[in-house]
Amino acid sequence: MTQVMDLFRLDGKTAIVTGGGRGLGRWMAEGLAEAGARVILCSRKQEACEEVRDEIQSRGREAVALACDVTDKKDVERVVATARETFGRVDILINNSGSTWGALAEEMPEDKFDQVMEVNVKGTFLMAQAAGRAMIEQGEGGRIINIASVAGLVGGHPDYMNTVGYNSSKGAVITMTKDLAVSWARHGILVNAIAPGWFPTKMSGGLLKHFGDKMKEHIPLHRFGTEDELKGLAVFLASPASSYITGQTLVADGGATAW
């Protein structure tokens, strides 16, 4: 019988983390590395990924930093190919790259709406497709973790979250997660999503600074999420501990959607 802590080990696994240079992506990449995985970090800003790579390597773990635009199919395929060439395989994908734009729904610029959907929906699909093909070819299953949001489950609060494109895109990611989970179950590929609530990151920093107290009033735990509370979820979904879970969205929001 497997010892319970061994269920969370990722030794010998190779993980790709998009948007791995900052915020949620950085936290999750570091968590996977701490659990034993070799990590490919990619984003449009390679310098940020290199900083995370150096930090992971300083802890005795393996990591590679790459530039990647997830809306560019050739870029996406290059990242997956590099992961296989460098470490021999792809076992885990965390689809974290994302974009947002704030404006009242009646004033949302069409090009900004399109931009958000392009990154958050098309980019998530292209990366899942490329990694999924690699996992199918390898024949040993795999894990895909899509980063959604509570904004994909409920509407944005009109006092501080007028982001209809972002909210819509994350709803699409949740549905895509279910579809891919059903499609690839026969290959042993588990596809799940994490829907974070409010965590302090560069993307959310401005809102938290100006509306933080009001936001906490809508969170039963009356606080924002922490780095460790996201890292643990990522490791869980990437590890053998979650081997009978697929097509699900795990919500980490301090109870905000339970009101």
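The values are calculated or read from the model by the stated rules, or taken from the named source; none is laboratory data. Quick caveat: nothing in here was measured; it's all calculated off a predicted structure. Glycine also receives a Cβ, built like all others from the backbone with ideal geometry; neighbour counts cover every protein chain displayed. The accessibility values were calculated without ligands, DNA or RNA, using every heavy atom of the protein model including side chains. Shrake-Rupley method; radii C 1.70, N 1.55, O 1.52, S 1.80 Å.
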Residue within the stretch 149-163 that is crowded, with 21+ Cβ neighbours inside 10 Å, aliphatic (A, V, I, L, M) and assigned to a loop (DSSP other than H, G, I, E, B) present: no
Of all residues in the stretch 173-186 being of a type outside the set (A, V, I, L, M) and surrounded by 17 or more Cβ atoms within 10 Å (Cβ to Cβ), the one that is farthest from the chain's Cα centre (by Cα): 184
Candidates 70, 90, 39 - the one that is touching a helix residue (DSSP H, G or I) at 6+ places or on another chain (Cβ under 9 Å) and not in a loop (DSSP other than H, G, I, E, B): 39
Residue match in the stretch 78-89 (condition: open to solvent by less than 60 Å² (accessible area, probe 1.4 Å), of a type in the set (A, V, I, L, M, F, W, C), within 27 Å of residue 184 (Cβ to Cβ) and without any contact (Cβ under 8 Å) to a residue 24 or more places away in the chain): yes
Qualifying position, being closer than 22 Å to residue 43 by Cα and open to solvent by less than 30 Å² (accessible area, probe 1.4 Å), among 122, 170, 112: 170
Qualifying positions in the stretch 16-28 - on the phi < 0 side of the Ramachandran plot and either touching a Lys or Arg at 6+ places or on another chain (Cβ under 7 Å) or in a helix (DSSP H, G or I) (or both): 20, 21, 22, 24, 25, 26, 27, 28
Hits in the stretch 220-231 (condition: over 19 Å from residue 91 (Cβ atoms), open to solvent by less than 40 Å² (accessible area, probe 1.4 Å) and assigned to a helix (DSSP H, G or I)): 230
Yes/no for residue 235 being among the hydrophobic types (A, V, I, L, M, F, W, C) and not in a helix (DSSP H, G or I): no
Yes/no for residue 143 being basic (Lys, Arg) and either buried (at least 17 other Cβ atoms within 10 Å of the Cβ) or in contact with an Asp or Glu (Cβ under 8 Å, 6 or more places away or on another chain) (or both): yes
Selection status of residue 204, under 13 Å from residue 98 (Cα atoms), crowded, with 16+ Cβ neighbours inside 10 Å and within 15 Å of the chain's Cα centre (by Cα): no
Residue in the stretch 96-116 that is in contact with a helix residue (DSSP H, G or I) (Cβ under 6 Å, 6 or more places away or on another chain), touching a residue at least 24 places away in the same chain (Cβ under 8 Å) and farther than 23 Å from residue 71 by Cα present: yes
Flag if residue 209 is open to solvent by 20 Å² or more (accessible area, probe 1.4 Å), among the basic types (Lys, Arg) and at pLDDT below 95: yes
Residues of the stretch 238-259 satisfying the condition of being assigned to a helix (DSSP H, G or I), over 20 Å from residue 162 (Cβ atoms) and out of contact with any strand residue (DSSP E or B) (no Cβ under 9 Å at 6 or more places or on another chain): 240, 241
